[in-house]
Ligand code: OVV
């Protein structure tokens with residue numbers, strides 16, 4: 001049986017706007033599909049996405065997790081010493097992040113995060129009607145995350161265009177990428193400077209990562225790169241996830257009522273939004289040797305595009321996959337990835353999502369869409385440019 005081919009362009013405006021019909025077509029073509037436009041393989045079914053994520057020996061990250069093969073094309077920025085690596089280097093750098101961002105390490109943040117969310121909701125209730133992208137989905141992470149990192153107040157918003165650049169760069173060099181990297185120099189310089197020890201507060205994730213260098217766990221050159229990795233992945237992603245959760249709760253008001261009746265569901269309501277939306281839609285791997293996928297074998301040095309968003313809505317794995325169901329058993333979704341590269345910041349993301357929703361539950365009876373919802377165009381992240389909402393007070 002030959003591997004089927006498709007000319008679907010996952011990076012076209014049309015597919016980025018609404019990827020679901022294309023995902024269904026790709027899933028139904030077979031467990032692995034040749035994407036003729038880009039000369040890469042696509043994996044859109046849950047079982048095979050999961051299998052690829054869990055086999056880092058055959059499916060490497062060290063040649064980049066975007067469409068470009070670092071062994072053929074010079075990376076546009078210094079590769080991440082965490083994301084774009086394999087063991088053993090990966091395990092050492094990841095180990096430092098993993099300790100700093102562990103659920104236990106984050107328990108001290110629960111109260112300040114809750115207070116910040118309550119303060120924000122109080123202000124938003126005064127506005128009543130507002131754009132939830134800048135005012136909530138961006139405003140919340142842009143406060144609590146840089147505070148937890150130990151960053152100064154100035155220019156925190158630069159984290160957004162930086163994330164936009166990096167997540168665009170995993171796709172082809174199209175108009176989305178070109179627009180994001182235009183005028184990039186000051187933002188890249190700023191992120192580099194913010195990663196250095198002297199620019200980080202004596203307490204916070206940044207200082208804790210640098211302290212790992214004192215213990216010999218990281219070199220002096222690696223420490224700022226491990227900080228940069230957290231700065232890159234830590235804001236744009238949670239902005240999209242919180243936006244997705246608000247969009248789901250507004251579109252499925254019965255589900256909002258359900259969480260209000262049982263606030264302990266807030267955590268799962270955020271998790272289900274991550275499954276339903278899959279803010280990080282795609283990542284690539286590169287084969288290190290001939291590798292079997294779904295009964296087919298592909299050669300060495302091939303780029304494999306994993307459609308995480310498609311896996312998270314694969315009817316072979318999920319019942320009523322397009323429904324947002326706050327009581328769903330979400331375990332096993334790949335919205336945070338899986339395997340050795342699974343999102344190292346997921347406990348932090350969950351803390352933020354839960355804090356925002358919990359603050360809304362007690363004060364807001366209903367979240368309504370109050371205008372035209374506009375999607376944002378990014379080669380990897382699925383999110384909103386604008387999400388006008390109205391809060392109905394409890
Ligand atoms: C998961 C992720 C996304 C973007 C950048 C990085 C990680 C990084 O390590 O730089």
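Every number in this text was worked out from the coordinates using simple rules, so none of it is lab data. Every value quoted in this text rests on a predicted model; they were computed, and no experiment measured them. Note that each Cβ is placed from the backbone with ideal geometry, even for glycine, and that neighbours are counted across all protein chains shown.
Evaluate E = 1/(1 + (r/R0)^6) for residue 340 and residue 211, where r is the Cβ-Cβ distance and R0 equals 25 Å; express this FRET efficiency to the nearest 0.05.
0.60
Diagonalising the gyration tensor over the Cα atoms of region 35-112 and scaling each eigenvalue by 5 before taking the square root yields semi-axes of 29, 18, 13 Å, largest first.
Kindly state, to the nearest 0.05, the FRET efficiency for residue 129 paired with residue 258, given R0 = 30 Å and r defined as their beta-carbon distance.
On the way: r = 24 Å, r/R0 = 0.81.
That gives a FRET efficiency of 0.80.
Grab the Cα-Cα distance for residue 47 and residue 394, subtract it from 0.36 nm times how many residues apart they are, and report the gain in nm with one decimal. Could the numbers behind the result be given before it?
Numbers: separation 347, 0.36 × 347 = 124.92 nm, distance 4.27 nm.
Full extension of this stretch gives 120.7 nm more.
Put a dot 7 Å past the Cα of residue 18, heading toward its Cβ, do the same for residue 99, and the two dots end up 5.0 nm apart. For region 122-185, the C-alpha radius of gyration sits at 1.38 times the compact-globule guess of 2.2 N^0.38 Å, with N the residue count.
Helical runs assigned H by DSSP (4 residues or longer) give the chain a calculated mean residue ellipticity at 222 nm of -13500 deg cm²/dmol, each run adding -39500 (n - 2.57) before division by the residue total. Modelling each spin label as a point 7 Å along the Cα-to-Cβ direction, I'd like the residue 193/residue 54 distance in nm, to one decimal. Placing both labels 7 Å beyond Cα along the Cβ direction yields 4.6 nm.
Using only Cα positions of region 243-322, each an equal point scatterer, no hydration layer, compute I(q)/I(0) via Debye at q = 0.20, 0.23, 0.27 Å⁻¹ and quote the log10 values to two decimals. For the requested q values the scattering log ratios are -0.92, -1.08, -1.25.
At a 10 angstrom cut-off on C-beta neighbours, averaged per residue, how do the peptides 316-327, 222-233 rank from highest to lowest?
Working: 316-327: 15.7, 222-233: 23.5.
Top of the packing list down: 222-233, 316-327.
Computed from label points 7 Å out along Cα-Cβ, the spacing between residue 175 and residue 316 is 3.5 nm. Taking every alpha-carbon pair in region 86-225 and binning the separations at 10 Å intervals from zero gives 10, 30, 36, 20, 3, 0 percent. Spatially, region 143-170 and region 15-83 are offset by 25 Å when compared through their Cα centroids.
Note on region 325-370: semi-axes of the ellipsoid equivalent to its C-alpha gyration tensor, largest first and rounded to whole Å, are 27, 13, 9.
Below 8 Å, C-alpha to C-alpha, sequence gap of six or more: please give me the relative contact order for the chain in percent. Walk me through the numbers on the way to the answer.
Details: 686 pairs, mean separation 102.8, N = 394.
Computed value for the chain: 26 percent relative contact order.
Across the chain the C-alpha pair distances fall into 20 Å bins from zero in the proportions 28, 60, 12, 0 percent. Applying 0.36 nm per residue to the separation of residue 185 and residue 111 and subtracting their alpha-carbon distance, the gain on full extension is 23.0 nm. When the alpha carbon coordinates of region 259-300 are projected onto the principal axes, the ranges are 53, 19, 13 Å, largest first.
Return the inverse of the average 1/r over all pairs of distinct C-alpha atoms in region 77-165, which is the Kirkwood hydrodynamic radius, in Å to one decimal. Kindly include the intermediate steps, with their values, before the conclusion.
Values: mean 1/r = 0.0641 Å⁻¹.
Radius from the Kirkwood sum: 15.6 Å.
Here the contact order of region 200-358, divided by its residue count and restricted to Cα pairs under 8 Å and six or more residues apart, works out to 23 percent. Quick one: plug the Kirkwood hydrodynamic radius of region 88-132 (C-alpha pairs) into Stokes-Einstein at 4 °C, 1.567 mPa s, and report D in µm²/s. The estimated diffusion coefficient comes to 98 µm²/s. The Rg/Rh ratio of region 296-390, with Rg taken over Cα atoms and Rh as the Kirkwood radius over Cα pairs, comes to 1.02.
Ranking request for peptides 277-283, 94-100: highest mean number of other beta-carbon atoms within 10 Å first, then the rest in descending order.
Details: 277-283: 25.4, 94-100: 19.4.
Those peptides, ordered most packed to least, come out 277-283, 94-100.
Relative contact order, whole percent, for region 171-229 stands at 28, derived from Cα pairs under 8 Å and 6 or more residues apart.
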